[in-house]
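Asks: Before I ask anything, here is the structure I am working with.
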Amino acid sequence: MTNVIDSIDHPYWSHLGNAVREARTGQRLSQQHVAGSVGLSVRDLAALESGFIPPEAADTLGRIRLAAFDDVLGWEKGTARKHVTEAVSAAVRPEMITVRVTMAGDRSTYSQAAWVRLGKAVQAARAALRMTKPVLAYAVQSTSKTMLRLEEGRVFGDPRTAPPGDYNSEKYWFKRLALLELALEWDEGMARQILDNTATK
């Protein structure tokens, strides 16, 4: 059985990246040593450990043997795979899934007011971190224009309720909420809490 996870989404690699960084530094192993042992470049290993993984690095990670991390870090067999699969499982827990109809005939999960609320929170957090729009856009694998639309709340679940050609889709942003939380140093699930209007101050 192959020990490769194909096309794994970026956010789920961060759990493995944290564990690799802690184990590597605890054993005083260099990034170069670990990267060479698992078949990565030092740059891609650094991206994995940081949690900010560009698309080309994510493609490389999807082809590596996870067991190689077990070998070089002295982990029990299957530990690296477990870090990734547990992260995926946690992200799709039934209690994390909310479906809400905002208006008759609309397929949106959240109202535009909810996306405006998230957009304002993103803008405030980005300003507090002195992060530019392009930097945040890169961190969530997007563009500055798309980030501007999010910050202005121009996100819709249904094209019928959106201005033609000037909106982001909910589906697009749902895939990037975990990246957004990593980039803005928010707790896991914070973006959904803001959308749900259940976030505590």
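Asks: Take the range 24-35 and flag every residue that is part of a helix (DSSP H, G or I) and open to solvent by less than 60 Å² (accessible area, probe 1.4 Å). It would help to see each step written out before you state the result.
Replies: The first filter runs over the range 24-35 and keeps only residues part of a helix (DSSP H, G or I), leaving 24-26, 31-35.
ARG24, GLN31, VAL34, ALA35 - these are the residues of the range 24-35 that are part of a helix (DSSP H, G or I) and open to solvent by less than 60 Å² (accessible area, probe 1.4 Å).
Asks: Being surrounded by 20 or more Cβ atoms within 10 Å (Cβ to Cβ), at pLDDT below 90, within 20 Å of the chain's Cα centre (by Cα) and not in a helix (DSSP H, G or I): is that true of ILE64 here?
Replies: Values: surrounded by 20 or more Cβ atoms within 10 Å (Cβ to Cβ): no; at pLDDT below 90: yes; within 20 Å of the chain's Cα centre (by Cα): yes; not in a helix (DSSP H, G or I): yes.
It is false that ILE64 is surrounded by 20 or more Cβ atoms within 10 Å (Cβ to Cβ), at pLDDT below 90, within 20 Å of the chain's Cα centre (by Cα) and not in a helix (DSSP H, G or I).
Asks: Taking the options ALA183, ALA178, name whichever one is aliphatic (A, V, I, L, M), under 12 Å from the mean Cα position of the chain (by Cα) and open to solvent by 10 Å² or more (accessible area, probe 1.4 Å). Working first, answer last.
Replies: On the way: ALA183 fails: open to solvent by 10 Å² or more (accessible area, probe 1.4 Å).
When all the criteria are applied, what remains is ALA178.
Asks: Does the range 97-115 contain any residue that is open to solvent by 40 Å² or more (accessible area, probe 1.4 Å), farther than 15 Å from TYR172 by Cα and at pLDDT 90 or above?
Replies: no
Asks: Quick one: LEU195 ticks every box in (1) surrounded by fewer than 19 Cβ atoms within 10 Å (Cβ to Cβ); (2) at pLDDT 90 or above except a single one, so which number is it?
Replies: LEU195 satisfies all of (1) surrounded by fewer than 19 Cβ atoms within 10 Å (Cβ to Cβ); (2) at pLDDT 90 or above except (1).
Asks: A further question follows. For the condition modelled with pLDDT under 85, open to solvent by 60 Å² or more (accessible area, probe 1.4 Å), more than 27 Å from LEU48 (Cα to Cα) and not charged (D, E, K, R), what is the one hit in GLY165, GLY157?
Replies: The match here is GLY165.
Asks: Follow-up question, since we're still on this one. Can you name the number of the only condition in (1) among the aliphatic types (A, V, I, L, M); (2) modelled with pLDDT under 85; (3) farther than 19 Å from LEU179 by Cα; (4) part of a helix (DSSP H, G or I) that MET1 fails?
Replies: All conditions pass for MET1, except number (4).
Asks: Pairs needed: first member in the range 66-79, closer than 9 Å to VAL38 by Cα; second member anywhere, modelled with pLDDT of 90 or more and surrounded by fewer than 17 Cβ atoms within 10 Å (Cβ to Cβ); C-beta distance under 6 Å; at least 6 residues apart or different chains.
Replies: VAL72/SER37
The values are calculated or read from the model by the stated rules, or taken from the named source; none is laboratory data. Fair warning: this is a prediction, and the values are worked out from it, not measured in the lab. Because the Cβ atoms are built from the backbone with ideal geometry, glycine has one as well, and the counts that use them run over all protein chains shown. These accessible areas exclude ligands, DNA and RNA; they are computed on the full protein's heavy atoms, side chains included. Shrake-Rupley method; radii C 1.70, N 1.55, O 1.52, S 1.80 Å.
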